[in-house]
Amino acid sequence: MNRVRNRAWIMMLFLLILVGGMCFFLAEYSMKAEQWVSFRGSPHVYRGTTAVAGTVLDREGNVLMDTGDSRKYAEDQNLRKAMLHWLGDRQGNINAPALSAYASAMVGYDSVNGLYNYTPESGRVQLTISGRVQAAALKAMNGRKGTLAVYNYRTGQILCAVSTPTYDPDNVPDIAGDTTGAYEGVYLNRFTQTTYPPGSIFKIVTAAAALECVDGIEDMTFTCDAHYELQGSRVTCEQAHGTLDLKGAFARSCNCSFAQIALLIGSDKLMEYVEQFGILDSVTFDGITTAKGNFDLAGADKVALAWSAIGQYTDMINPARYLTFLGSIAGGGQGAVPYLVESVMAGEEVTYQAQTTLEDRIMSESLAQTLQEYLRNNVQNVYGAGNFPGLTVCAKSGTSELGGGKKPNAMFAGFVTDEEYPLAFIVVVENGGYGSHTCVPILAPVLAECKAVLDGNA
């Protein structure tokens, strides 16, 4: 009797394990079946490293890539190079995470019907990027290393995001054998995967913090004699700016004034605002998660605080994340999350359609308005509004020192406040020298091309 009872318990245990295993499988299937179907290497979705999408189009409907039979890129060489870091290459050295993120939508999959609309040519992916703007951005970079990106801070659509150096995927150079350094870091998307010392474009953050937490800051003045003595060290400017208020110090990018302003803010408060503005956080869109920034004043002395407030010390920012910060200022304290994929079709069915997602509010509308005025003043009185005809551009330049005898990086960041052209932008030119001198001639034709696209001009 005991033997029968023991066997019954064993059978019951096996049955429970079987039922538990089936329940676990069904739960996993309901949650992860789409991932299983579209995993990299799936013969249903991938041919080699290529997602079988059919065609990838830009915002105007121009074909950027056709993967129906084999990977075929755009006919224009400049456009092929400009889109490399978004479409990937045949060798798999550069992946296309945004396309991979929508792999199941490209071939038409759901948990009930499985791959219900699968043919190698069935998919169609439309990106938010304008091929003509992307090509114009690559041309404007003219072989310099860095990134240039523009997005719509109202909708989140990325109009262009070029990463250089790049190469033609139809004519791959001998990268491994190159000794000139021309292709250093070529496999990285500098817009999403890298971080840079921000230099003086970080003064936007410091100015915002000062406006919020230092009573009467706009009525104060600061003296610049080309250097500011602090704890036996010096913060320097290239010239003596004399006496400036906050707005003037911001426009002239006066390091000495901003060192004094930083002391009024204090380390704790400045770190608090950096966290509030979210500029260190990664941003996630279309299966892409960007690099995180760095800002650390823990245990820092006054000299470190001063240099950090002007974008040096250990400060690091990711271009994509900082772009959304600028978009929030332009949007009155709240901007949109960027995105690259506008829609996906499998056959005749729309299987994905992007929607605008607003980020959390990071500042009051009044503070954003004041920053807009300051940034507009920079363009009108320093950089030259005439460089951007037909556009109300607000911006800040930056020259980020790298040390070690290296030429500084040139930075330029801002936005357009015209209702019909809600565009935020960032330009990074590695070892480019002075920010506005280098970046304005690069940015100007790209913004003009953006304007033409939004105006619907062919």
Loop-located trypsin sites (Lys or Arg not before Pro) in the stretch 331-401, at most 10 other Cβ atoms within 10 Å (DSSP): none
Rounded to one decimal in nm, the spacing of the 7 Å Cα→Cβ label points at Lys72 and Val303 is 6.3 nm
Can I get the semi-axes of the stretch 206-302's equivalent ellipsoid? Compute them from the C-alpha gyration tensor as square roots of 5 times the eigenvalues, in angstrom, largest first. 28, 15, 14
Other residues with Cβ under 9 Å from the Cβ of Gly293 give, with Lys and Arg +1 and Asp and Glu -1, a net charge of 0
Loop-resident sites, the stretch 353-413, for GluC sites (Glu not before Pro), counting at most 15 other Cβ within 10 Å (DSSP): Glu401
Considering only protein heavy atoms, what is the solvent-accessible area of Phe277 at a probe of 1.4 Å, reported in Å² to the nearest 10? 10 Å²
Exposure rank, largest accessible area first [Ser233, Ser257; 1.4 Å]: Ser233, Ser257
Probe 1.4 Å - accessible area at Met271, Å² to nearest ten: 50 Å²
Exceeding the 29 Å Cα-Cα cut-off - candidates Lys145/Lys302; Lys72/Lys396; Lys145/Lys247; Lys302/Lys406: Lys145/Lys302; Lys72/Lys396; Lys145/Lys247
Round to the nearest 10 and report in Å² the accessible area of Trp86, as given by a 1.4 Å probe over the protein chains' heavy atoms. 10 Å²
³J(HN,Hα) computed for each position of the stretch 238-244 - Karplus, 6.51 cos²θ - 1.76 cosθ + 1.60, integer Hz, glycine/proline x: 6, 8, 7, 8, x, 9, 9
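The values are calculated or read from the model by the stated rules, or taken from the named source; none is laboratory data. In this text, all values refer to a predicted model and were calculated from it rather than measured experimentally. Backbone-built Cβ (ideal geometry, glycine too); neighbour counts: all protein chains shown. Remember, those area values only see protein heavy atoms, side chains included, never the ligands or the DNA or RNA. Shrake-Rupley method; radii C 1.70, N 1.55, O 1.52, S 1.80 Å.
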